[in-house]
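Take a look at the structure below.
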Amino acid sequence: MNALALLRGIWNYRHFVFSSIANENRARFARSKLGWLWMILNPLGQALVLALVLSKVLNAKFPGINNEYAYAMYLLSGSLGWALFSEITTRCLTLFQDNANALKKINFPRVTLPIIVVGSALLNHLLLAFCTLGIFIMLGQAPPLALLWLPVVMLINIAFALGLGLLLGIINVFLRDISQAFPMLLQFWFWMTPIVYQSTMLPESFTQFMRYNPMFYIVKSYQDILTYQIPPAYSDDLVWMAVGSLGLLGVAFIIFRRASSDIVDEL
Amino acid sequence: MSEHKIRLTNICKSYRKYSSEWLRVGTWFGIPFKPKQQADVLKNVSFQINQGDAVALVGQNGAGKSTLLKIITGTLQPSSGTLEVNGRISAILELGMGFNPELSGRDNVYHSAGLMGFSHAEVDALIPDVLSFSELNEYFEKPLRVYSSGMQMRLAFSVATAVRPDLLIVDEALSVGDAYFQHKSFDRIRQYREQGTTLLFVSHDPGAVKALCNRAILMEDGRVINEGSPDTIMDFYNALIAEKENAKSTQVHYHDSGKLQTVSGTGEARVETIGLFDKTGLSKEFIHVGEEVILRVQVKVYADLPKLVFGLLIKDRLGQDIFGTNTYHTNQTYSDAKAGDRLTFAVAFPANLGTGTYSITTALVSSDTHLENNYEWRDLALIFNVGNLNKDYFIGCNWLPVNIEITKQ
């Protein structure tokens, strides 16, 4: 199967992709009164707790901007970027086990599976992004021009998350330890990334270390754009990150294709 | 030569185990690591299915039938060999694939049909047919979790067969729902067959195999071991199962009628003579509808047997079971047969059969099935013809003495 056939497969199954994304969300909120509101309420609640605890109770100083809600905004924008990454990687991790039955019994383009994950995660992400923006406006921060950068950062975020998630997901079919270890790693990773705190709060030696964390650039860009209202500060690094992510994604897809028959055998 | 729909040439499938999973990762990049273990599930399977064929795949569990269907469907890749498939395949390997319990029947239809590659607009056109065939009525709009399992199956089958495919692959999914729906789904498959759909189907139900198929392929241990008419293959398969239990040889030879006859069993008891007689004791091969006849079977016992059950089965010319019973069910199990005994079983019955040729299969076993101890199983032990000499014209394999009354109000 060449790349053209791959694209044709996706095109022929576009209805399936769309209906899968729609069904996923419909099923998730099928019997809850507030429905999709929960999608926003959950991260909002989390941000509220952290904002209250850290900015009010601990009275953390927050340099850089003049807004009494600065910390809450910082937190919301950072976790917005992290949430997309975490959702895509976590879902890709068990993508093949979750769809084991369909993979074994129905002949359909397998490439639709990661596309559905990305589509559904992106939908959640956009919804959350709009809500975050809405809250920022309420808190007295008008949408900045730098917002135009956001889609670019999102795409890099998706490419990186999907590449990593797929690789781990493929290996996880054969080594189930990955699905146990990765959530733990994700926890560490979250706290190693300046989402709840600022990188400037750390000692110099840690900041050096931070430069090797790809998520640092992603999260930092979300914060720059949404909270500081400036274009991403590390735009050079972001370009490298984009190239690296696309490379990772390419490798992941090549392995996906090569491993495809082994995956179905193993499931 | 007719156009082939599926052609398999030397299909092999093996599952490989590596001493470390990283070696497997290496093989994706073309590094030829040796697997630690290799399980061969299919070994050089070759056959061809032509346009309009209806082929049954039979065999015991683990014979490789399902793996083979998955390879033909395209979800599994063969390890070696070539597979050619012409035309649109619809495979029902499992009903209700991808159904979501929280969504309505209608939404699930869209989703499930989407998984088969149909667009939204195409499904729109299919919906009325799915609705009427599944007979779900108002349940169609309710979430799937309130469905009974039979209703889910009805929906699943209706979607899976909403469009007539060129090639229909069915894996033991036919026994769904109540008898009424089973009948209906059977009819649909038969209809598709008549319209030219090629059928490949796995079943353990001899009735379904004989009724639907014109060919059967018997698989055992990853190989095709026999191929032929469903009738012959099912008999052979039966003998094979019995043989597994008894580990004795099975003989197959051509009967005088030109059909393959299978005789199997351990041989502790054997049928010596068999004959059909009328009331006056005259041996007959041709009997008329409704005639009182007696089947006499002489059995010689070759070893001491604590229990001996005699069974008989009447089949029509297509090999479909017409009637069968045994002395276990009639509470006449013969106890303590001694070596050298000669027993005669005389079975009297009215030949309430339709016109045609019938065969009798005999079985000498120790209990109600031939699986426990199969002393002898003999297909085509006797062949006889039934003709209609003195009854009103009728069709079918049964004669029922009907009495029709006509009244005018």
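Could you check the spin-label model distance between A:Val251 and A:Arg14? Points 7 Å from the Cα along Cα→Cβ, value in nm.
3.2 nm
For chain A, find the longest principal axis of its Cα atoms and tell me its angle to the long axis of helix A:235-266, 0 to 90°, nearest 10.
30 degrees
Other chains near B:8-19: what is the mean number of their Cβ atoms within 10 Å of each residue's Cβ? Intermediate values should be presented prior to the final figure.
Values: counts 0, 0, 0, 0, 0, 1, 1, 3, 3, 1, 1, 0.
Across the residues of B:8-19, the mean count of other-chain Cβ atoms within 10 Å is 1.
Check cross-link reach from B:Lys210 to the aspartates and glutamates: straight Cα distance under 13 Å, and skip same-chain residues fewer than eight apart.
Qualifying aspartates and glutamates at Cα under 13 Å: B:Asp231, B:Asp235, B:Asp316, B:Asp321.
Mind pulling the angle between the C-alpha long axis of helix A:37-51 and the longest principal axis of chain A? Nearest 10 degrees, somewhere in 0 to 90.
40 degrees
What does the structure give for A:18-25 when I average, per residue, the other chain Cβ atoms found within 10 Å of the residue Cβ? Working shown, then result.
Details: counts 2, 10, 5, 0, 4, 9, 1, 0.
Mean inter-chain Cβ contacts per residue within 10 Å come to 4.
How would B:Met234, A:Met201 line up from fewest to most surrounding beta-carbon atoms within 10 angstrom?
A:Met201, B:Met234
Can you pull the mean other chain C-beta count within 10 Å for peptide B:59-72?
Counting other chains' Cβ atoms within 10 Å and averaging over B:59-72 gives 1.
Taking R0 as 35 Å, what's the FRET efficiency between B:Asn137 and A:Lys33 from their Cβ-Cβ distance, rounded to 0.05? Provide the component values of the computation, followed by the final result.
On the way: r = 29 Å, r/R0 = 0.82.
Efficiency at R0 = 35 Å is approximately 0.75.
Would you calculate, for chain A, the mean residue ellipticity at 222 nm contributed by helices, counting each DSSP H stretch of 4 or more residues as -39,500 (n - 2.57) and dividing by all residues, to the nearest 500? Please report the intermediate quantities before stating the final value.
Values: 12 runs with 191 residues, N = 267.
Computed ellipticity for chain A at 222 nm equals -23500 deg cm²/dmol.
Among the listed pairs A:Lys104/B:Lys184; A:Lys104/B:Lys65; B:Lys13/B:Lys36; B:Lys17/B:Lys43; B:Lys315/B:Lys338, which are separated by more than 20 Å between their Cα atoms?
Beyond 20 Å: A:Lys104/B:Lys184; B:Lys315/B:Lys338.
Using a Förster distance of 30 Å, how high is the FRET efficiency between B:Ser283 and B:Asn388, based on the Cβ-Cβ distance and rounded to 0.05? Don't jump to the answer; show the numbers that get you there.
On the way: r = 21 Å, r/R0 = 0.70.
Once the sixth-power term is evaluated, E becomes 0.90.
Could you state the angle between the C-alpha long axis of helix A:14-28 and the longest principal axis of the C-alpha atoms of chain A, as a value from 0 to 90 degrees rounded to the nearest 10?
For A:14-28 against chain A, the angle is about 60 degrees.
Whole angstrom only: what separates the Cα centroid of the range B:388-409 from the Cα centroid of the range A:214-267?
80 Å
What aspartates and glutamates does B:Lys279 reach when the alpha-carbon gap must be under 20 Å and sequence neighbours fewer than 8 apart in one chain are set aside?
Those aspartates and glutamates meeting the cut-off are B:Glu291, B:Glu292.
I need the peptides B:319-329, A:92-102, B:39-49 ranked by packing, meaning the mean over residues of other C-beta atoms within 10 angstrom, with the highest value on top.
A:92-102, B:39-49, B:319-329
Place the peptides A:71-82, B:279-290, A:249-260 in order of packing, highest mean first, counting for every residue the other Cβ atoms within 10 Å and averaging per peptide.
Final packing ranking: A:71-82, A:249-260, B:279-290.
Based on the alpha-carbon gyration tensor of the range B:101-161, what equivalent-ellipsoid semi-axes (square roots of 5 times the eigenvalues) come out, in whole Å, largest first?
17, 12, 10
Could I have the simple spin-label model distance between A:Glu24 and B:Glu102, label points 7 Å from Cα toward Cβ, reported in nm to one decimal?
1.3 nm
Readers should treat all values here as calculations from the given coordinates under stated rules, not as data from a laboratory. Note that the structure is a prediction, hence the values are computed from the model and not measured. Cβ atoms come from the backbone with ideal geometry, glycine included; neighbour counts cover every protein chain shown.
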